[in-house]
1. Within the group Gln96, Gln100, which residue is of a type in the set (S, T, N, Q), within 18 Å of the chain's Cα centre (by Cα) and more than 28 Å from Phe232 (Cα to Cα)?
2. Mind listing whichever residues of the range 111-139 are open to solvent by less than 50 Å² (accessible area, probe 1.4 Å) and part of a helix (DSSP H, G or I)?
3. Could you list, in sequence order, the residues of the range 202-245 that are open to solvent by 10 Å² or more (accessible area, probe 1.4 Å) and assigned to a loop (DSSP other than H, G, I, E, B)?
4. Name the pairs whose Cβ atoms lie under 6 Å apart, with the first residue in the range 54-67 and closer than 11 Å to Ile95 by Cβ, the second open to solvent by 10 Å² or more (accessible area, probe 1.4 Å) and aliphatic (A, V, I, L, M), and 6 or more positions between them or separate chains?
5. Determine which single condition Asn172 fails, assuming it passes every other condition in (1) in contact with a Gly (Cβ under 8 Å, 6 or more places away or on another chain); (2) touching a residue at least 60 places away in the same chain (Cβ under 8 Å); (3) not acidic (Asp, Glu).
6. Within the range 115-123, can one find any residue that is of a type outside the set (S, T, N, Q) and without any contact (Cβ under 8 Å) to a residue 24 or more places away in the chain?
7. When the residues of the range 32-61 are filtered to those that are closer than 17 Å to Arg238 by Cβ and among the charged types (D, E, K, R), which remaining residue is modelled with the lowest pLDDT?
8. Are any residues in the range 24-53 in contact (Cβ under 8 Å) with a residue 40 or more places away in the chain, within 20 Å of Ser99 (Cβ to Cβ) and touching a helix residue (DSSP H, G or I) at 6+ places or on another chain (Cβ under 9 Å), and if so, which ones?
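The values are calculated or read from the model by the stated rules, or taken from the named source; none is laboratory data. In this text the structure is predicted, and so the values were computed from the model without any measurement. A quick note on method: Cβ atoms are made from the backbone with ideal geometry, for glycine too, and the neighbour counts reach across all protein chains shown. Areas reflect the complete protein model, heavy atoms only, side chains present, ligands, DNA and RNA absent. Shrake-Rupley method; radii C 1.70, N 1.55, O 1.52, S 1.80 Å.
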Amino acid sequence: MILQITKTTLDVIEPFRVLFLNEGAFQFVCNKCHLYGWADTYLFTADGIPVGYGAVWGSDKREDRDTIFEFYLEPPYREMASRIFREFQRVSNTIQVESQTNDRLLTAMLYETTRNIYAEAILFEEAYTSRLKIPGITFRKREATDDMGDDDSTHVLVQDGVIVASGGLMLNYNIPYADIYMQVKEAFRGRGVGALIVQELKKEAYRMGRVPAARCNIENMASKSTLLKAGFRICGFRIRGTIKK
């Protein structure tokens, strides 16, 4: 088999990306790298036939292209994944691999070819509909008269006319997913306010025809607890490793 790996443009590998995202059926955290031009893409051919693709970006500095974050092969060619992946590493001159553990193919390659592996973030998916309520607190859209400084959140929780928490939905991930973000004012933490606004933002996502998802830093136990309380469950981790010489 004659294997070729060549740098290409997003439109060339887009059909493969559709297959990758449909097969995974999860929120792909790095999807925005393609939207914003932060990634370089490579086409894989075997005996002249396109069989898959890969993508690299700069995970620490966006202008770098030192980290593989996407790797897809058509099923008939996955028995050659190790060979193709190592050649991809060589051609792209990368030094790291990042993966979501719910992306099985890339995660397998990461464990096979890297060292110093560690988790950066926890990934969450919808598990159940929570029924949280806090008397006296209401959820609504942000209004023009709300004094929120540099907070660009789209929704708020209000108690006695005071904003106690804010948040919104990030829509720059693969459809149909929407990533929930939120923050609680310090004086109101520890009262279940965070879980309540996450619960209500989940409803907003569904109203928009989106599927809610979320993530948090691996060390952020408060956010982890909040997301679990609001009806999410852990579906994976963002992991990274340094490519072995």
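1. Working: Gln100 fails: more than 28 Å from Phe232 (Cα to Cα).
Of the residues listed, the single one that is of a type in the set (S, T, N, Q), within 18 Å of the chain's Cα centre (by Cα) and more than 28 Å from Phe232 (Cα to Cα) is Gln96.
2. Once the filter is applied, which keeps residues that are open to solvent by less than 50 Å² (accessible area, probe 1.4 Å) and part of a helix (DSSP H, G or I), the range 111-139 yields only Thr113.
3. Listed by number, the residues that qualify are Met208, Gly209, Arg210, Ile218, Glu219, Asn220, Lys244, Lys245.
4. Note: pairs meeting the criteria are Asp66/Ile95.
5. Asn172 satisfies all of (1) in contact with a Gly (Cβ under 8 Å, 6 or more places away or on another chain); (2) touching a residue at least 60 places away in the same chain (Cβ under 8 Å); (3) not acidic (Asp, Glu) except (1).
6. So in the range 115-123, the residues of a type outside the set (S, T, N, Q) come out as 115, 117-123.
Retained after the next criterion (residues that are without any contact (Cβ under 8 Å) to a residue 24 or more places away in the chain): none.
Checked the range 115-123: no residue is of a type outside the set (S, T, N, Q) and without any contact (Cβ under 8 Å) to a residue 24 or more places away in the chain.
7. Taking the candidates together, the pick is Asp60.
8. If the condition is that a residue be in contact (Cβ under 8 Å) with a residue 40 or more places away in the chain, within 20 Å of Ser99 (Cβ to Cβ) and touching a helix residue (DSSP H, G or I) at 6+ places or on another chain (Cβ under 9 Å), then Gly24, Phe28, Asn31, Asp40, Tyr42, Phe44, Tyr53 are the ones that fit.
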